[in-house]
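Visitor: A single structure is presented below for examination.
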Amino acid sequence: MVRCSPLPSQPGVGHVHAAVVIGLVPRPTVPAYISPSAVIAFEQCPAKAGFRLDPALAALRRTGPAAAVGGIAHEVLAARESGAAFGDVWHAAAERWHSRLVDEWAPATPPRPEQWQNWALTRERVRIQYESTVAPREHVVAVTDDVRHAWREREIATDSGHELPIKPVAMPGPLPWVERKLYDARNGLMGIPDLVEDVAGSVVVVDHKTGLAQPVVTSEVELQVRLYAALARAYLGRAPSRLEVRDGTGHGTEVAGGPALVEDAVHRAVAAREALAAAGRGEQELVGRPGAERCMGCPFRGVCRAYLNASEPVRTRGRAFAFEVLEVDADGPTTGVRANVVAPSDIAGETRITGFPFPNGVQEGSLWGAAGFELLRGHARGHWTTLIHRLR
């Protein structure tokens, strides 16, 4: 599925005609309910949000080590009142997330969790919070099981490109709610707050931020927590009294959550979902917003039209290009291919490519987008996190 449009002629682009803009525009399939993370992604870069929901690009949606560390931390914190030993809970969660990476990145071999960046310090910070809990609660084990089911359910729905095959559920039990999936059917919202608790008769919504750079309560974090407040309000019939972000040490920072601010967050979520739906119907194009920080680590930058045609400073932190295969090594494409980089234009030219995760049967003349590799003096070398997608 190639989506191209005219571009002024450029020299040195080999067999690919220069009168095209290389790259894709997303055609998302929007689920029945939109999550806070999808709303935030849309506001940061509409194209990225659309790519995440484009079933044709499902192979590019893979979990990286940084996201896995965060997932482990959240899962362990959700079970901190279960009475289980921290080391056992952390180890079990780590093994589950490592298995997930192994499955998603096959045939590449991801490193063990102990080698992931920020692993040791995140573990220690979570341990301090976990072991500060003194009163086990029986409901937590069941809640954690529900969370795992919810995550898997959401993954299946997203990967298939279909709407969530479920309807809003009834009240999810008495407070506190730990990692409970909540719905707002009227506004089409779905989310999993880390914690909704009753403190002396007041409802408090808590979001855990376990990254080492926290606590930085950005506008995106505020939007996320306010949407969680809207979800809690839809169930409880009353607005939470306090919204809070807690860092890896347990320190809490209050987020303003007045009625007008929560309603603004809901309106923005509804607008994002409507725009994604319109793009899925072909009525609107989701335009990318290239930026050095936004594009760094984005799995879709190798196919994104906006990124591939952006100026060099925007791409300083996100290595990606589109290339045409000129010749395949006798031992197969994974061993190596001779290729012609066609976008971005400032690095166009012939390149030797080795170690990329090509499928079998790569054809000369085929056009690909790639992201996440080493590049030096006309040689691109794949990494276990290298992502490729055929453009033509």
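Visitor: How high is the FRET efficiency between Leu175 and His91 when r is their beta carbon distance and R₀ equals 22 Å, given to the nearest 0.05?
Guide: Efficiency for this residue pair is about 0.15.
Visitor: May I ask for the distance between the Cα centers of the stretch 250-302 and the stretch 77-122, given as a whole number of Å?
Guide: Taking the Cα centre of the stretch 77-122 as reference, the centre of the stretch 250-302 is 28 Å away.
Visitor: If you don't mind, another one. With the Cα gyration tensor of the stretch 175-321 giving a ≥ b ≥ c as the square roots of its eigenvalues, does the rule (a/c under 1.5 for rounded; else a/b larger than b/c for prolate; else oblate) give rounded, prolate or oblate?
Guide: oblate
Visitor: Additional query: Whole number in Å², please: accessible area per residue of the stretch 274-392, 1.4 Å probe, ligands, DNA and RNA not counted.
Guide: Accessible area per residue, the stretch 274-392: 46 Å².
Visitor: Provide the per residue accessible area, probe 1.4 Å, for the stretch 29-106, rounded to a whole number of square angstrom.
Guide: Roughly 33 Å² per residue, with all protein chains present.
Visitor: Separation between the Gln363 and Ile128 pseudo-spin-labels, each 7 Å from Cα along Cα→Cβ, expressed in nm?
Guide: Result: 5.8 nm between the two label points.
Visitor: How far apart, in nm, are two points set 7 Å out from the Cα along the Cα-to-Cβ line at Leu236 and at Glu114?
Guide: It works out to 4.3 nm between the two label points.
Visitor: Still on this model: What percentage of the solvent-accessible surface of the stretch 203-280, computed with a 1.4 Å probe over protein heavy atoms, is contributed by carbon and sulfur atoms?
Guide: 51 percent
Visitor: A further question on this structure: Would you kindly derive the ³J(HN,Hα) couplings of the stretch 62-72 from the backbone phi angles with the Karplus curve 6.51 cos²θ - 1.76 cosθ + 1.60 (θ = phi - 60°), listing them in order in whole Hz, with x for Gly and Pro?
Guide: Once rounded to whole Hz, the list reads 10, 7, x, x, 5, 5, 5, 4, x, x, 4.
Visitor: While we're looking at this one, here's another question. Between Ser37 and Ala58, what is the label-point separation in nm under the 7 Å Cα-to-beta-carbon projection?
Guide: 1.8 nm
Visitor: Still on this model: Could you order the peptides 366-372, 271-277 from most to least packed, using the average number of other C-beta atoms within 10 Å per residue?
Guide: 366-372, 271-277
The values are calculated or read from the model by the stated rules, or taken from the named source; none is laboratory data. Remember, predicted model here, so these are calculated numbers, not experimental data. Glycine also receives a Cβ, built like all others from the backbone with ideal geometry; neighbour counts cover every protein chain displayed. The protein model used for the area step is the full one, side chains on, heavy atoms only, and it has no ligands, DNA or RNA in it. Shrake-Rupley method; radii C 1.70, N 1.55, O 1.52, S 1.80 Å.
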